[in-house]
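Accompanying notes for the structure given below.
What follows draws every value from the coordinates through simple rules; no lab data is involved. The structure displayed is predicted, hence computed values, not measured ones. Here the Cβ is made from the backbone with ideal geometry for all residues, glycine too, and neighbour counts use every protein chain on show.
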Amino acid sequence: MLSNQVWLAHLCENSVVARGGVDPEGVHQVRVAANRLAVWTELAGRRLLLDDLRWTRRGVGRARDLDVLLASDGLDDALRAWFVAERAREQPALVERLASPRFRALCDALALVEAPSRSRARRVLERLRRRALKAGDALARSADRATDLHRLRRRLRRLRYAREWLGEDTHALKGVQDVLGALNDRQVLLRELASSPLARRAMERRRRLAEELERDVARLIERWRALRADVAGVEGRG
Amino acid sequence: MTMELWIVRHAEAEERRLGLADERRALTRRGRRDADAIARGLRRLGVEIERLHHSPLLRSVETAERLAPLVSGETAVSAELARSPSSALVREIADSGARSLAVVGHEPWLSELAFWLITGWRVDDPRPQPEWIDFPKSGVLRLEGEPRPGGMRLAAFHDVRTLRRVRK
């Protein structure tokens, strides 16, 4: 049986840090723990509590995106000030969510439900592997690359966490995820720039970012055949 | 806003015993069979549930899990379903925005909730309690109307035996 105790404790402890609003790591770790526990729930073949975990992740999602942007280089003063203000606006809703009876009930329920068996988890893992490969293969012929890139990133993350729950090596998979993570950071910056009052002033920067993003996605597609083996893992290499 | 409220009592769970915390009592084999029968019966009746709220206690989670395939929208865990019904629970039901909501929980609180929504009577009410049916494990009540005290009416009651008899 795969116990969730460590990650459940991680979720609860970091929800307190996130509510404090001082250390951005708390928000990050809430999102990571909620993602890992969602994969754990999937490995058990359960549907219940997945929506509550998604609700938790969404509650901290934009705050985390803004924390990442604020930690990056190359923001001018006006843009930094805008992101700082936006991040401050996110905090009350984040605190309300992580202090809510629903969040506490989620933690209570996660502590009670039965852990998945290894044999069931392995069957689910195989399905997650196939879905991740399918998403990567679809990217080359995609008409909506932003959406499909996001889908691939999500599926790879679930595959990696599923392998980690089963104690498997995920070194190669992390490499693929790093590439996609950098692309995602650019997408987030583009989106936040576009919705900020500085959107017009940052037109040139947005154009450059969009071009870089397009180029990097094209590179990723070229490299997909090589990366595919890392995603497939040992059993998929034949 | 009028809605359809499905009130579902959890299926048979392990007996209370020393060393087993109440919240950890899981469904028995019969309980799992009954919960599957509720889901099957409701599906055969053509029931569509938009949202499902359930208590965090294990027997309720396990019952709700079996109803999850009937749910077209979200499920949510609710601490309000593991205690005597409060205004917060009635607000949660009304604010769900669902035209069809299922709640899975425990006795005597589910009966108290149904009473309150149908008659406006609460356990702390000095007036005598109106007559009420026995609400067995795996029982299902369907209420219709406005989700406020006294705003709903009892539209149907199903026990697991009748739900088992529903044919395709």
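At-a-glance table
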| item | result |
| --- | --- |
| Loop-resident sites, the stretch A:138-184, for trypsin sites (Lys or Arg not before Pro), counting at most 11 other Cβ within 10 Å (DSSP) | A:ARG141 |
| Longest site-free stretch - chain B; sites: GluC sites (Glu not before Pro), DSSP loop, at most 13 other Cβ within 10 Å | B:49-130 |
| B:THR2, A:THR41, B:THR162 arranged by Cβ crowding within 10 Å, fewest neighbours leading | B:THR2, B:THR162, A:THR41 |
| Size of charge dipole - the protein assembly as shown - debye, nearest 20, with Cβ of Lys, Arg +1 and Asp, Glu -1, no other charges | 1740 |
| Kyte-Doolittle mean at least -1.0 and Cα axial length at least 20 Å: DSSP H helices in chain A | A:5-20, A:24-43, A:50-71, A:77-98, A:118-139, A:171-195, A:203-232 |
| Separation between Cα centres of the stretch A:80-152 and the stretch B:1-78, rounded to whole Å | 25 |
| Helical mean residue ellipticity (222 nm; -39500 (n - 2.57) per DSSP H run of 4+; nearest 500) of chain A | -27500 deg cm²/dmol |
| Sparsely packed trypsin sites (Lys or Arg not before Pro) within the stretch B:114-150, loop by DSSP, other Cβ within 10 Å at most 16 | B:ARG122 |
| Order of B:LEU81, A:LEU66, A:LEU50 under a 10 Å beta carbon neighbour criterion, fewest first | A:LEU50, A:LEU66, B:LEU81 |
